[in-house]
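The structure appears right after this line, and notes come after that.
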Amino acid sequence: MTELSEPDPGQPLTGRHFAILGQPKYSDDFTHFDYVNPQAPKGGTIKFAALGNYDNFNRFSRRGAPEGRSGELFETLFTMSEDEKGSYYPLLAESVTYSADYSWAEVSINPAARFHDNSPVTAEDVEFSFDKFMTEGVPQYRSYQQGVTVETIAPLTVKITLPEPNRERLIGFLSSLRILPKHFWQDHRLDEPLSTPPFGSGPYYISDYKLGQYAVYQRDPNYWGKDLPVNVGRYNFDQIRYDYYLDDSVALEAFKAGAYDFRLEGQPKNWNTQYTGDNFDQGYIIKTELDVTEAPNARWLAFNINRPIFSDRKVREALTLAFDFNWLNRAFYYDTYKQPQSYFENTEYAASGLPTEEELQWLTPFKEVIPPAAFGEAFQLPPSDGSGFNRDNLLKADQLLKEAGWIIENQQRVNAITKEPFEFELLLYMGSNLQYVQPFQKNLQRLGINMKISMVDYAQINSRMRVLDYDMLPSVYYAYTYPASSLKIMWGSDYLNSSWNSSGLHNEAIDSLLQSIENNQDNADNLLSLGRALDRVLTHEYAMIPMWYPRYTFYAYWNKFSLPEIKPKYAMGLDTWWYDKDKVQILPTNRQ
C-alpha cells in the first residue's frame, strides 16, 4: 500500500508512504529522492549567520530566546519530500496500519532508531512526547489535539486514536509530532528554557556553543538513519555553525569578508549595490537569483485588533491605504517585490473576480458577519502613482477615519467623542531595517496619526507576542499551498492564545469555513471554493497590511560547495549540498 487512499471500509490496511493530495511520487522501493546526489561526499563545514541572540536550547520553551536550529535535534515518525505537496515517507516509523475511516492508526517504529546516547526510540517515547506537549506545550497544541489519545501497545508499536475520523488530521499527526527521549525530558519541563543542549535522534547534535554568540552542530557519524531512502544524499556537512550578529549590516560585511559561507539576502538594495568587489569578480562568491513561482512567505503588518483603536475595520482599511507600496518598491527595492493581495498568493485558491455560486454557498449564511465587500470583487488595493505623495489613497483614508469617528483638531487626529489622540506603537526587532517604517510613519503623520517605534530584542518581542502586548508588528505569513486543516491554528477562535494569529482576527464565519475546510480535505472541488471564500473574508477584514513578497530569491555563497543538478520544487535544498574539496583549493588560503 503506497498511499492512504480510500480503503475497503471493512478492513484496516497497512501503508508506508501517503499523500494528503493525490498520490505520493515515490514508490515503496525508492532508494533516494530525485533532488539529491546519492554519492555526495561527507565532510567539511558550512557556516551561517543568525540575527539577534539566544539564551537557551529548548525550541519549545514559552520564554526566552531558543537557538534557532535546536528543534531539528528531534525527528518525526514520517517526513515530507520537498518536491511534492503533502507527501510523507517513513523516518522514525517503519509502517502504519490504519482504520478504514481514519479514526485510528498503529505505528510500527523502526527497530534501528536510536537517540544520540544510543538508547532505542520506543513507543513509550512517542506516548511520552505527546503527553509532554499536551501538558507543557503551547495552548494551541492542546486545543488542536484535544480528544486525541496515544497509547503504547507494544515496545515498538504505538496507537493513535482521534476523537472522530479525519484523514488529514491523522496524516498530519504522524508527520508533525517531534519525538523526545523520555529518559531525558522526564526530568525537564518542556515550557522552560534549557541552558545546556538536549539530545535527540537526528543527524546532528550540538557539539560546541557559547550562549548568545554561536552554536556548532556536529554530524553524528553513527546516525541511525543515514541509509534511509529519505536521508540518502542529505546531511553531508560534518559541521554546521551559526554565528549570531546583532546587526544585519555587520553580518553582511562579515559574509563578504569570509566569516561565514551562505547568505540569504532580503534587501534588494543590498543585493544590487553591496554584492560587488574582487571576491565576486573572481568567482569566489557566487550570486544566485531564483524566480518565485510558488506560494511565497509574505510580509504583512499585523494590527492587534483587540486594541480598541484598531477594532474598527474602517480604521484598519485607512491605515492600509497609507502604506505606499508602489513608492517603496521603486525607491528602495528596485521593483523586485510584489504586494500580496491574497493569503493564497500564487495558488489556485486565491480569490479572483466575483464570488462563484459555490463560494456564495459558504459565505451567504454569514452575511451579517462578513464584510459586504467580500461579496463583491476580490480584494485588490488601489495602487498609488509611485510618486511618494499617495494623495488619492490618503484622501480615501481621511474619509474612512472620519466615518469611524476620528477627526482632525489642531492638526492632530483625535476621537470625536473622547478627544483621545490617535497614536500607537509599532513593535520591531532590534536591528530591523527601517526603510519602510519611516515613509509609512510620515504618511500617517499627514493623517494626523502618531506612530511610535519601539525596537526590542528577540526575547522581549517573543514575550510580548505571547501575551498580545503590542499594537502593531511585522508578521511573516508562511505559505499555504492549499487550504489545510492547520489553518485553524492561524485563524480559529479556539487558538487565540497563540503567537501565530498576530492580529487576533476571528469570528463565526471564519470558524465555519475552517471547519468545512477540515471536513472537505478529500473533496477537491469543495476545497477550491472554500479556500477562495476564506480568502475573501480574511482580506476584506483588513486584519493585516500587505507589505510584500519577493519576485526573486536572492542568495550568495562562497564557492566551496557543490549541489545536485535537480533542485527541490518547494525548498532551497541546502541539506543536499556538499563540501567540494576541489573548489576549496581555488579560493584564497584564508577563505578556505
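Residues that are closer than 30 Å to Arg63 by Cβ and open to solvent by 20 Å² or more (accessible area, probe 1.4 Å) number at least 1 in the following strands (runs of 3 or more DSSP E) confined to segment 78-174: 78-80, 149-154. The C-beta contact set for segment 435-454 (first residue over 15 Å from Phe422 (Cβ atoms), second residue not hydroxyl-bearing (Ser, Thr, Tyr), distance under 6 angstrom, 6+ apart or interchain) comprises Gln435/Phe332; Tyr436/Leu328; Ile453/Leu426; Ser454/Glu425; Ser454/Leu427.
Close Cβ contacts (under 7 Å, 6 or more residues apart or on different chains) running from residues in segment 345-360 that are in the same structural domain as Ala374 (by the TED database) and part of a helix (DSSP H, G or I) to residues that are crowded, with 22+ Cβ neighbours inside 10 Å and not polar (S, T, N, Q) comprise Glu359/Arg532; Glu359/Ala533. Using the structure shown, decide if Ala397 is in the same structural domain as Leu530 (by the TED database), modelled with pLDDT of 95 or more and closer than 20 Å to Phe325 by Cα. The answer is yes for Ala397. Within segment 546-584, if we keep just the residues that are of a type in the set (Asp, Glu) and closer than 20 Å to Gly44 by Cα, the residue that is farthest from the chain's Cα centre (by Cα) turns out to be Asp582.
Scanning segment 324-339 for residues that are open to solvent by less than 10 Å² (accessible area, probe 1.4 Å) and among the hydrophobic types (A, V, I, L, M, F, W, C) gives a single hit, Leu328.
Going by the conditions given, is Ala19 in contact with a strand residue (DSSP E or B) (Cβ under 7 Å, 6 or more places away or on another chain), farther than 30 Å from Ala556 by Cβ and of a type in the set (A, V, I, L, M, F, W, C)? Reasoning before the result, please.
Working: in contact with a strand residue (DSSP E or B) (Cβ under 7 Å, 6 or more places away or on another chain): yes; farther than 30 Å from Ala556 by Cβ: yes; of a type in the set (A, V, I, L, M, F, W, C): yes.
Considered against the rule, which asks whether it is in contact with a strand residue (DSSP E or B) (Cβ under 7 Å, 6 or more places away or on another chain), farther than 30 Å from Ala556 by Cβ and of a type in the set (A, V, I, L, M, F, W, C), Ala19 comes out as yes.
Scanning segment 40-52 for residues that are farther than 12 Å from Asn231 by Cα and over 20 Å from the mean Cα position of the chain (by Cα), which turns out most open to solvent (accessible area, probe 1.4 Å)? Here the residue is Lys42. Among the residues of segment 558-565, are any out of contact with any strand residue (DSSP E or B) (no Cβ under 6 Å at 6 or more places or on another chain), open to solvent by 30 Å² or more (accessible area, probe 1.4 Å), not polar (S, T, N, Q) and not assigned by the TED database to the domain that holds Gly353? Scanning segment 558-565, I find at least one residue that is out of contact with any strand residue (DSSP E or B) (no Cβ under 6 Å at 6 or more places or on another chain), open to solvent by 30 Å² or more (accessible area, probe 1.4 Å), not polar (S, T, N, Q) and not assigned by the TED database to the domain that holds Gly353, so the answer is yes. Return yes when Ile449 is under 16 Å from Asp398 (Cβ atoms) and either not assigned by the TED database to the domain that holds Pro308 or not small (Gly, Ala, Ser) (or both) and no when it is not. Yes. Here segment 179-233 is the region considered, the condition is being basic (Lys, Arg) and under 28 Å from Gly44 (Cβ atoms), and the residue that is surrounded by the most Cβ atoms within 10 Å (Cβ to Cβ) is Arg219. For segment 251-302, the tally of residues that are out of contact with any strand residue (DSSP E or B) (no Cβ under 6 Å at 6 or more places or on another chain) and farther than 13 Å from Phe554 by Cβ stands at 17. Suppose we keep only residues that are modelled with pLDDT under 90 and open to solvent by less than 20 Å² (accessible area, probe 1.4 Å) within segment 8-39. Which one would you say is nearest to Trp104 (Cα to Cα)? Going through the qualifying residues, I end up with Gly15. Scanning for something modelled with pLDDT of 95 or more, more than 28 Å from the chain's Cα centre (by Cα) and closer than 16 Å to Trp185 by Cβ, does segment 102-112 turn up at least one residue? Within segment 102-112, none of the residues are modelled with pLDDT of 95 or more, more than 28 Å from the chain's Cα centre (by Cα) and closer than 16 Å to Trp185 by Cβ. Of Tyr480, Tyr458, Tyr470, all but one fail to be buried (at least 16 other Cβ atoms within 10 Å of the Cβ), in contact with a helix residue (DSSP H, G or I) (Cβ under 6 Å, 6 or more places away or on another chain) and assigned by the TED database to the domain that holds Glu403; the exception is Tyr470. Set side by side, the residues Ala533, Ala524 differ, and just one is among the small types (Gly, Ala, Ser), over 25 Å from Lys256 (Cα atoms) and open to solvent by less than 20 Å² (accessible area, probe 1.4 Å), which is Ala533.
In the condition set (1) within 16 Å of Glu359 (Cα to Cα); (2) buried (at least 20 other Cβ atoms within 10 Å of the Cβ), Ser516 is compliant with all but (2). Taking segment 376-402 as the range and being open to solvent by 40 Å² or more (accessible area, probe 1.4 Å) and under 21 Å from Met544 (Cβ atoms) as the test, the residues that pass are Glu377, Gln380, Pro382, Pro383, Lys396.
In segment 234-277, which residues are of a type in the set (Val, Ile, Thr) and either within 29 Å of Asn56 (Cβ to Cβ) or crowded, with 19+ Cβ neighbours inside 10 Å (or both)? Once the filter is applied, which keeps residues that are of a type in the set (Val, Ile, Thr) and either within 29 Å of Asn56 (Cβ to Cβ) or crowded, with 19+ Cβ neighbours inside 10 Å (or both), segment 234-277 yields Ile240, Val250. Can you tell me which residue is nearest to Leu170 (Cα to Cα) among those in segment 488-500 that are crowded, with 20+ Cβ neighbours inside 10 Å and at pLDDT 90 or above? Ranking the candidates gives Lys488 first. Looking at this structure, is Asp278 farther than 28 Å from Asn433 by Cβ and not basic (Lys, Arg)? No: the conditions fail for Asp278.
The values are calculated or read from the model by the stated rules, or taken from the named source; none is laboratory data. In this text the structure is predicted, and so the values were computed from the model without any measurement. Cβ: placed from backbone, ideal geometry, glycine included. Neighbour counts: every protein chain shown. Ligands, DNA and RNA are stripped out before the accessible areas are found, and what is left, the full protein with its side chains, is counted by its heavy atoms. Shrake-Rupley method; radii C 1.70, N 1.55, O 1.52, S 1.80 Å.
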